[in-house]
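Chemist: Once you've had a glance at the structure underneath, I'll fire off some questions.
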Amino acid sequence: MSHTSIVLRVELFHETTTFGDVASAISKASGDITSIDVIRAGKESSIRDITVDVAESNESSVIDSLSKLNGIKLINVSDRTFLVHLGGKITTQPTLPIKNREDLSRVYTPGVAKVCTAIHENPKKAFSLTIKRNTVAVITDGTAVLGLGDIGPHAAAPVMEGKAMLFKQLAGVDAFPICLDTKDTEEIIRTIKAISPIFGGINLEDISSPRCFEIEKRLGDELDIPVFHDDQHGTAVVVIAGLLNALKVVGKRIDQIRVVVNGIGAAGVSICKMLLGSGVTRLVPVDREGAIVRGGTYSHHPMWQWLSEQPQVETTEGTLKDVLKGADVFIGVSRGGILNAQDIQMMASDSIVFAMANPKPEIDPEEALPHVGVFATGRSDYPNQINNVLVFPGIFRGALDCRAKSINEPMKLAAARAIAAVVTEAELNKHYIIPSIFNERVVTNVRKGIIEAAILTGVARRIPPDFR
């Protein structure tokens, strides 16, 4: 059972009730008082912050019990999650202090003029003389926030701030959240292009499908810095990493397996592309309308049309449950509770199931585990979490270090192989196919793979010293 810690600020009126009444009410609602702080003490009333440990399912009961208690005014309720977000989670910090007029003259006027002139004469110097060399824009319009949907740019900001924190902590990349108050594709593209001069890379996030495809493609074509839609490619990279190791566990080859991918949106399309690039020869993409088949017509969705033209895509029509029969691998990026144990038992022996819908997977893990060779989810409370936090810090660390013009398919595949390689042969088993996001070798491995692939494919504009 998941627990949380909440802080209740209450005003206690002494003539009417006692603190013992408050403690009793909290206890009856299954809350456990862990600390009490007196904010203001008075003869008639006092204000206190009461920290309560409680199961998330009982949080509302604790609040209701205090709200109904005579002689108590419930002023505010907050939990630790809200408290860490107060004032935002990131700041900007100068690299050196300005202590005197001489310092000021070097970093600002008049000394800064010579640096501006140098960049004007050679724009490439912006990479070495400004924050461009190490800064990524994390950009959203708030239309497809994981588990929340279209909540808008203001509500999406905490997610973008959190991503910026991960960039910095895991890879030393300075990232800044940018939330755009528009859903217009052209305006989004135009705005990102206009602000791009200060950034070394663009990380698109939580932009709804199919708009995200055009936005990323156009920006990739029109900008000379890497553009990466993490919901698409980050998820795909870590799926391929997990699949490479899962296949080792069950003893199957990637060119001999039949793969069903359910949910052909932003992530699903990218997963399918990477599966094909990795050597999969039998692919069945499935969406709500059923299987996408080779030779079919899907004019309403250009990416589905592209898939239908690929020779590795099967011609088998039907629903998800129809096409799942005999499949070696199921990859779900769709919605929870759509499969049961009987469906999984119809798959090939030693099946691999990646049920990544959040917060409820496509099949309940407890129901699936007895019938599969390897099982993975997008959740942290089960083994083998497929989490794109494993991907984007190292990808951008490498791309920035070699000043890559783009992040291409060979670079993504190199990242997947680098993540898979973090798990050693001695460690590899059905419950451990993906490393922890806090494993320090992940970013190092991914960075190395990205730089090597960028150099080999001609998109690197700089060879880092450790590669010379």
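What follows is calculated from the coordinates using simple rules that are stated; it is not laboratory data. Source: prediction; values computed, not measured. Reconstructed Cβ throughout: ideal geometry from the backbone, glycine too, with neighbour counts over all protein chains shown.
Chemist: Starting from the Cα gyration tensor of the range 315-407, take the square roots of the eigenvalues, sort them a ≥ b ≥ c, and report rounded, prolate or oblate (rounded when a/c is under 1.5, otherwise prolate if a/b is larger than b/c, else oblate).
Modeler: Details: a/c = 2.65, a/b = 1.91, b/c = 1.39.
Since a/c reaches 1.5 and a/b is larger than b/c, the shape of the range 315-407 is classed as prolate.
Chemist: Assuming R0 = 41 Å, can you tell me the calculated FRET efficiency for the pair THR4 and GLN342, based on Cβ-Cβ distance, to the nearest 0.05? Intermediate results must be reported in sequence, preceding the final value.
Modeler: Numbers: r = 36 Å, r/R0 = 0.88.
Calculated value: 0.70.
Chemist: Follow-up question, since we're still on this one. Give, as a single signed number, the net charge of other residues whose beta carbon lies under 12 Å from the beta carbon of ASP255, with Lys and Arg counted +1 and Asp and Glu -1. Don't jump to the answer; show the numbers that get you there.
Modeler: Details: positive: LYS252, ARG253, ARG258, ARG282; negative: ASP328.
Every neighbour counted, the sum reads +3.
Chemist: Between the range 174-211 and the range 68-126, how many Å separate their Cα centres?
Modeler: Cα centroid to Cα centroid, the span is 21 Å.
Chemist: Further question on the same structure: Report the gain in length on full extension from THR81 to VAL107: 0.36 nm times residue separation, minus Cα-Cα distance, nm rounded to one decimal. It would help to have the intermediate numbers written out before the result.
Modeler: Numbers: separation 26, 0.36 × 26 = 9.36 nm, distance 3.80 nm.
Full-extension gain reported as 5.6 nm.
Chemist: Would you mind checking the range 269-291 for residues with the amide N under 16 Å from a putative spin-label position 7 Å along Cα→C-beta of LEU456?
Modeler: Label zone hits: 277-279.
Chemist: Which aspartates and glutamates have a Cα lying under 14 Å from the Cα of LYS360, excluding residues fewer than 8 positions away in the same chain?
Modeler: Within the straight-line cut-off, LYS360 pairs with ASP381.
Chemist: Modelled label-to-label distance, LEU428 and THR16, 7 Å Cα→beta-carbon offset: nm?
Modeler: 6.7
Chemist: Could I get the Rg over Rh figure for the range 80-128? Both from C-alpha atoms, Rh via Kirkwood, rounded to two places. Provide the component values of the computation, followed by the final result.
Modeler: Values: Rg = 17.2 Å, Rh = 13.8 Å.
With Rg and the Kirkwood Rh in hand, the quotient comes to 1.24.
Chemist: Shifting gears a bit: Would you mind putting 163-170, 90-97, 449-456 in packing order, based on average other-beta-carbon counts within 10 Å, highest first? Each step should come with its number before you reach the end.
Modeler: Working: 163-170: 18.0, 90-97: 8.0, 449-456: 22.0.
With the highest mean Cβ count within 10 Å placed first, the list reads 449-456, 163-170, 90-97.
Chemist: Taking Cα centroids, how far is the range 390-468 from the range 230-261 in Å?
Modeler: 16
Chemist: Give me the lysines in straight-line cross-link reach of LYS89: C-alpha distance below 20 Å, same-chain residues under 8 apart excluded.
Modeler: Once the sequence-local lysines are set aside, what remains near LYS89 is LYS163, LYS168.
Chemist: Might you report the magnitude of the Cβ-based charge dipole of the range 246-401 about its Cα centre, with Lys and Arg at +1 and Asp and Glu at -1, to the nearest 20 debye? Write out the running numbers ahead of the final one.
Modeler: Values: 14 positive and 16 negative charges, 59 e Å.
I would put it at about 280 debye.
Chemist: Still on this structure, please answer the following. Mean Kyte-Doolittle of at least -1.0 plus a Cα span of 27 Å or more along the axis: flag which DSSP H helices in the chain meet both, please. Walk me through the numbers before you get to the answer.
Modeler: On the way: long enough: 152-171 (28 Å, 0.27); 230-250 (28 Å, 0.94).
Taking the DSSP H segments of the chain (at least 27 Å long, mean hydropathy at least -1.0), we get 152-171, 230-250.
Chemist: Next question, about the same structure. If you stretched the chain out fully between ASP255 and VAL115, how much longer would it get, using 0.36 nm times the residue separation minus the C-alpha to C-alpha distance?
Modeler: On the way: separation 140, 0.36 × 140 = 50.40 nm, distance 5.41 nm.
Between ASP255 and VAL115, full extension yields an extra 45.0 nm.
Chemist: Please give the contour-minus-distance gain from ASN100 to SER278: 0.36 nm per residue of separation, less the Cα-Cα distance, rounded to one decimal in nm.
Modeler: Numbers: separation 178, 0.36 × 178 = 64.08 nm, distance 5.79 nm.
Full extension of this stretch gives 58.3 nm more.
Chemist: What nm distance separates the two modelled labels at TYR382 and ASP181, each placed 7 Å from Cα along Cα→Cβ?
Modeler: Reported label-point gap for TYR382 and ASP181 is 4.1 nm.
Chemist: Given the DSSP H assignment, sum -39500 (n - 2.57) over each helix run of at least 4 residues in the chain and divide by its residue total; what's the result at 222 nm in deg cm²/dmol, nearest 500?
Modeler: On the way: 18 runs with 184 residues, N = 468.
So the calculated ellipticity at 222 nm is -11500 deg cm²/dmol.
Chemist: Scan (1) 162; (2) 197; (3) 145 for the value of volume of the Cα convex hull per residue in Å³ calculated from this model and give just the label.
Modeler: Recomputing volume of the Cα convex hull per residue in Å³ here gives the entry labelled (2).
Chemist: Would you mind telling me the antiparallel percentage of the DSSP bridges in the chain, rounded to 5? Display every interim value, and only then the final one.
Modeler: Working: 30 of 62 bridges.
Taking every DSSP beta bridge with both residues in the chain, the antiparallel ones total about 50 percent.
Chemist: Could you tell me the convex hull volume per residue, in Å³, taken over the Cα atoms of the range 161-259?
Modeler: Details: hull volume 13.8 nm³, N = 99.
Each residue corresponds to 140 Å³ of Cα convex hull volume.
Chemist: Shifting gears a bit: Under a Cβ-Cβ cut-off of 12 Å, what is the net charge of the residues other than PHE375 that fall near it, where Lys and Arg count +1 and Asp and Glu count -1?
Modeler: -3
Chemist: Straight distance only, please: which aspartates and glutamates reach the Cα of LYS73 with their own Cα at less than 19 Å, same-chain residues fewer than 8 apart left out?
Modeler: GLU11, GLU15, ASP21, ASP37, GLU44, ASP49, GLU59, ASP64
Chemist: Would you please classify the overall shape of the range 60-184 from the alpha carbon gyration tensor, given that a ≥ b ≥ c denote the square roots of the eigenvalues, rounded means a/c under 1.5, and beyond that prolate means a/b larger than b/c while oblate covers the rest? Don't jump to the answer; show the numbers that get you there.
Modeler: Working: a/c = 3.49, a/b = 2.02, b/c = 1.73.
Prolate.
Chemist: Residues of the range 447-468 with the amide nitrogen closer than 14 Å to a label point 7 Å from the Cα of ASP224, along Cα-to-Cβ, please.
Modeler: 459-462
Chemist: Report the local net charge at LYS325: Lys and Arg +1, Asp and Glu -1, summed over other residues whose C-beta lies under 14 Å from its C-beta. Can you show the working numbers first?
Modeler: Values: positive: ARG258, ARG282, LYS321; negative: GLU314, GLU317, ASP322, ASP328, ASP343.
Computed value for this residue: -2.
Chemist: Moving to a separate point now. Residues of the range 1-29 with the amide nitrogen closer than 20 Å to a label point 7 Å from the Cα of ILE36, along Cα-to-Cβ, please.
Modeler: So the set is 5-29.
Chemist: Once both labels are modelled 7 Å past Cα along the beta-carbon direction, what's the ILE195-GLU56 spacing in nm?
Modeler: 3.0
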